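S.K.: Here you go, one structure.
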């Protein structure tokens with residue numbers, strides 16, 4: 001096994017259990033556990049950590065560090081069988097353990113610690129800027145909430161036009177590798193030593209607090 005968690009998804013019109021192992025990625029039938037398709041995906045030291053990212057109804061993107069890079073797969077149904085075709089593969093996005101996000105035809109993720117935007121159609125890198133170490137990121141309302149490896153929190157516009165960091169603030173102290181959580185307008189962040197919560201809900205102007 002590798003480090004990536006299994007995920008229940010739907011690809012090519014069929015529910016599948018998506019599993020990343022030490023040497024391949026598999027689509028399993030969740031009821032019978034039969035292998036529907038498999039794709040060879042080897043990462044040095046078995047460090048396949050980042051989760052596959054769905055891009056539409058039948059495509060998914062794989063990414064890994066250690067010089068591996070990324071690949072976009074298309075899962076096609078062939079009667080009762082399936083096959084995984086490689087649409088593109090390159091080293092323009094190397095997610096070490098921080099999973100990318102997909103938004104409006106582009107992937108956004110940390111390419112060995114540097115935020116990058118990659119075209120889903122071609123795999124071409126659109127831009128690469130902003131050093132956030134081995135942090136994590138979330139997509140929310142067309143923006144990226146990037147929690148850097150040193151605990152800084154940045155708000156970056158999710159657009160292929162250019163890198164646009166709108167705001168940055170110190171959120172936690174020390175090494176921060178944990179994935180943020182966003183629920184009901186509250187952003188929860190933590191690392192090995194502390195936890196914090198930011199209220200991101202719009203402020204009411206009709207009855208301002210004293």
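S.K.: Could you count how many residues in the stretch 160-200 are touching a strand residue (DSSP E or B) at 6+ places or on another chain (Cβ under 8 Å) and closer than 30 Å to residue 124 by Cβ? Before the answer, list the steps.
M.R.: From the stretch 160-200, those touching a strand residue (DSSP E or B) at 6+ places or on another chain (Cβ under 8 Å) are 160, 162-172, 176-182, 185-190, 195-200; that's our starting set.
Adding the requirement that they be closer than 30 Å to residue 124 by Cβ leaves 160, 162-168, 177, 179-180, 182.
Counting residues in the stretch 160-200 that are touching a strand residue (DSSP E or B) at 6+ places or on another chain (Cβ under 8 Å) and closer than 30 Å to residue 124 by Cβ gives 12.
S.K.: Please determine whether any residue of the stretch 73-89 is closer than 30 Å to residue 28 by Cβ and either assigned to a loop (DSSP other than H, G, I, E, B) or not assigned by TED's automatic domain parsing to the domain that holds residue 46 (or both).
M.R.: Yes, some residue in the stretch 73-89 is closer than 30 Å to residue 28 by Cβ and either assigned to a loop (DSSP other than H, G, I, E, B) or not assigned by TED's automatic domain parsing to the domain that holds residue 46 (or both).
S.K.: Can you tell me which residue within the stretch 26-52, out of those that are in a strand (DSSP E or B) and touching a residue at least 40 places away in the same chain (Cβ under 8 Å), is farthest from residue 2 (Cα to Cα)? Quick ask: steps written out before the conclusion?
M.R.: Here is the first cut: in the stretch 26-52, the ones in a strand (DSSP E or B) are 26-28, 35-40.
Okay, now just the ones that are also touching a residue at least 40 places away in the same chain (Cβ under 8 Å), so 27, 36-39.
Values: 27: 15, 36: 19, 37: 18, 38: 15, 39: 14 Å.
Applying the filter and picking the extreme gives 36.
S.K.: Right, here's the next one. Give me the pairs: first residue in the stretch 81-108 and on the phi > 0 side of the Ramachandran plot, second residue buried (at least 19 other Cβ atoms within 10 Å of the Cβ), beta-carbon distance under 7 Å, and six or more apart or on different chains, which are they?
M.R.: Matching pairs, first to second residue: 105/120.
Conditions tested, residue by residue: (1) at pLDDT 95 or above; (2) assigned by TED's automatic domain parsing to the domain that holds residue 120; (3) in a loop (DSSP other than H, G, I, E, B); (4) within 25 Å of residue 95 (Cβ to Cβ).
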{"site": "138", "(1), (2), (3), (4)": "yes, no, no, yes"}
{"site": "154", "(1), (2), (3), (4)": "yes, no, no, yes"}
{"site": "160", "(1), (2), (3), (4)": "yes, no, yes, yes"}
{"site": "163", "(1), (2), (3), (4)": "yes, no, yes, yes"}
{"site": "169", "(1), (2), (3), (4)": "yes, no, no, yes"}
{"site": "177", "(1), (2), (3), (4)": "no, no, yes, yes"}
{"site": "189", "(1), (2), (3), (4)": "yes, no, no, yes"}
{"site": "207", "(1), (2), (3), (4)": "no, no, yes, no"}
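S.K.: Restricting to the stretch 1-22, and then to whatever is in contact with a strand residue (DSSP E or B) (Cβ under 7 Å, 6 or more places away or on another chain) and not in a strand (DSSP E or B), can you tell me which residue is nearest to residue 122 (Cα to Cα)?
M.R.: Among them, the one singled out is 12.
S.K.: Check residue 55 against each of (1) at pLDDT 95 or above; (2) surrounded by fewer than 16 Cβ atoms within 10 Å (Cβ to Cβ) and name the one condition it does not meet.
M.R.: Residue 55 satisfies every listed condition except (2).
The values are calculated or read from the model by the stated rules, or taken from the named source; none is laboratory data. Since the model is a prediction, treat every value here as computed from it, not as a measurement. Using ideal geometry, Cβ is built from the backbone for each residue, glycine included, and neighbour counts are taken over all protein chains shown.
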